[in-house]
1. For segment 284-302, which residues satisfy the criterion of being farther than 17 Å from Cys368 by Cβ and out of contact with any strand residue (DSSP E or B) (no Cβ under 7 Å at 6 or more places or on another chain)?
2. Got a sec? Which of Glu187, Glu222 is touching a residue at least 60 places away in the same chain (Cβ under 8 Å), touching a helix residue (DSSP H, G or I) at 6+ places or on another chain (Cβ under 9 Å) and over 30 Å from Gln362 (Cβ atoms)?
3. Which residues, counting only those in segment 123-174, are modelled with pLDDT of 65 or more and of a type in the set (Ser, Thr, Tyr)?
4. Tell me which of these Phe426 doesn't satisfy, since it passes every other one: (1) at pLDDT 95 or above; (2) hydrophobic (A, V, I, L, M, F, W, C); (3) surrounded by fewer than 21 Cβ atoms within 10 Å (Cβ to Cβ).
5. Since Lys349 meets every condition but one in (1) touching a helix residue (DSSP H, G or I) at 6+ places or on another chain (Cβ under 8 Å); (2) free of Cβ contacts under 8 Å to residues at least 40 places away in the same chain; (3) charged (D, E, K, R), which condition does it not meet?
6. What number goes with the only condition from (1) at pLDDT below 95; (2) out of contact with any helix residue (DSSP H, G or I) (no Cβ under 9 Å at 6 or more places or on another chain); (3) not small (Gly, Ala, Ser) that Asn344 does not pass?
7. Could you please give the count of residues in segment 26-42 that are farther than 15 Å from Trp345 by Cα and surrounded by 14 or more Cβ atoms within 10 Å (Cβ to Cβ)?
8. Here is a list: Glu23, Glu4. Which entry is among the charged types (D, E, K, R) and either surrounded by 17 or more Cβ atoms within 10 Å (Cβ to Cβ) or under 20 Å from Arg189 (Cα atoms) (or both)?
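The values are calculated or read from the model by the stated rules, or taken from the named source; none is laboratory data. If you're wondering where the values come from, they're calculated on a predicted model, not measured in any experiment. Cβ coordinates were reconstructed from backbone atoms using ideal geometry, including for glycine residues, and neighbour counts include every protein chain displayed.
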Amino acid sequence: MEKEKQLLLLCCQLIEQTLNWGESSIWSNHDFEQLSKLIFEKTRVQLSISTLKRIWGKVRYESFPTSATLNALACFLDYTSWRDFRQHHQVNGVIEQVAIPPEEEAKPVIKPLKKRYKYPWLIGGLLIALLCLYFIGTKKKTIVDASTVKFSSRYASDGLPNSVVFQYDASAFHSDSVYIQQSWDPERRERVPGNGKQYTSIYYHPGYFLAKLIVDKQIKKETTVFIKTKGWIGIVDHLPVPVYLSPGEITGHGYMGISGDVMQQKLGTGVFNNTWVKFSNVREFPGIKAGDFTLECTLRNTSTAGQSVCSKANLTILGVGAAIVIPIVNKGCIADIGVLTGENWIGGKDHDLSAFGCDFAQFQNLKCSVKDHRLKIYLNNKQIMDVEQKHSIGRVVGIRFEFEGPGQVKQFKLETPGAPAYEESF
C-alpha cells in the first residue's frame, strides 16, 4: 500500500505539471472544479470536487481511492489504466521521481561555517547582507505597473470558425514564459513571444470566453471573447477540426436535429460513443434575468444501442460567468453523468442521479427554473432536483442542446416573469 501511495503522489505531481496552474497548495475550489471538468471531458469519468480534494490532501481522509478513480487519473495522463501507469513508473519495485524543470531546481545549499574560521559571525553577516540585496533586487524586477500590461482582442469575422487577433504587451516582465489561453481550459493555451505584440488564435465553437494573458504561470490580464451565432448552428465534435452542419442538415419535420445516417456520412463511422453533436444559439437575450428565469424544452436522443450505448443528452445554459448543464441519459448510465449548477459539479459517481434516467423511445420534457437562489430541475413534469445556487451565472448568453450521437429538439421556451419570452417550435 505504501508503494501505491507513492505512485498516487507521483500521479498528482505529473497532473500538476500537465496543468501548469502553479503549486497545488494554493489551488482554490474553482481550480478543483475545473480539474473535475477536464478529467470528465477527457475520460468521461466524473470525479467530484471532494474526491479530488481528498486525493490532493486538502481534506483528511484515510481510505485509498477506488480503482475507478485511479484509472481515471491515469487515463487523464494518457495511460490506458492505473496498472499501465504503475508499470511505466515502477522499475524493480522502485517508484521513479518527478524530474524538476531546470528553472525550478533548488539553489545550492550554503554549508554551515566550520569552527576554523576566526570570525564566523562576520562572514555570516556578509552572507545575510548579500542575500537581502539579492531578494530586494529580485523584488524590484518583478514589480510591474499594471497599466503597462496590455491585452485586448478583436474578431476577424462574424461567423464560424472565427479568428481572434489578440493585442498584448507583456514586455515589462522580461519573461520568455508568456502564454495566451483561449478560455478556462489549459489545453487551449498557446505560447507567444515575450516581446511580441500580436497573436491570432482560431475559435471553432461559439460561446462567451475569458481569454487570459499568463506570465510566469500567473494570470496577468483577461479579455472577453464573445463568439455569437446567427440563429441555430449544428456542430459535430471532431478532432482536430469539428464538422459544421448546414441548415438543411439540421432541419427536420417538426424538430431540429440530425439523423444517424447523416452523422455516419460525416464521420465515416456508425458508432458514436463519446461523439457529440451540439446545437447552439449564442446571443444576447434582453429581458432574461439569470437569477429569475425558466427554460423548458422537449428533446430526445435517437441513437440505437449499436450507435451509442448510453445515448446521453444535455441542456446547457451559458452565462457570462458560468453555465448550467443538465443531463438526461439511458437509465443504466446514470453513474456516467453529472449536473453543473453554475457553481458546483454534482457527479453521478458519488450522488444518486437515477431521476435523470429516462426512456428515449419518447420525447422528454426537460425544465429548469432559477429563483430565490434555488435551481430546480423537472423531467416530464416531475421535480428531480432542488439545489442552492448562491451566485447566478450572470447574463444569459446562450442555449445549447448536446447529444451523444443523433438527437432531436422539438421546442424550447425561455422566459423571465414580466418580460417577453423567447420560444421556438421547430
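1. Within segment 284-302, Pro286, Gly287 qualify.
2. Details: Glu222 fails: touching a helix residue (DSSP H, G or I) at 6+ places or on another chain (Cβ under 9 Å).
On inspection, the qualifying residue turns out to be Glu187.
3. Ser147, Thr148, Ser152, Ser153, Tyr155, Ser157, Ser163, Tyr168, Ser171
4. (1)
5. Evaluating Lys349 over (1) touching a helix residue (DSSP H, G or I) at 6+ places or on another chain (Cβ under 8 Å); (2) free of Cβ contacts under 8 Å to residues at least 40 places away in the same chain; (3) charged (D, E, K, R) leaves (2) as the failure.
6. (2)
7. Initially, segment 26-42 is screened for residues farther than 15 Å from Trp345 by Cα, giving 26-27, 42.
Within this subset, residues satisfying the condition of being surrounded by 14 or more Cβ atoms within 10 Å (Cβ to Cβ) are 27, 42.
Total meeting the criteria: 2.
8. Details: Glu4 fails: either surrounded by 17 or more Cβ atoms within 10 Å (Cβ to Cβ) or under 20 Å from Arg189 (Cα atoms) (or both).
Exactly one residue qualifies, and that residue is Glu23.
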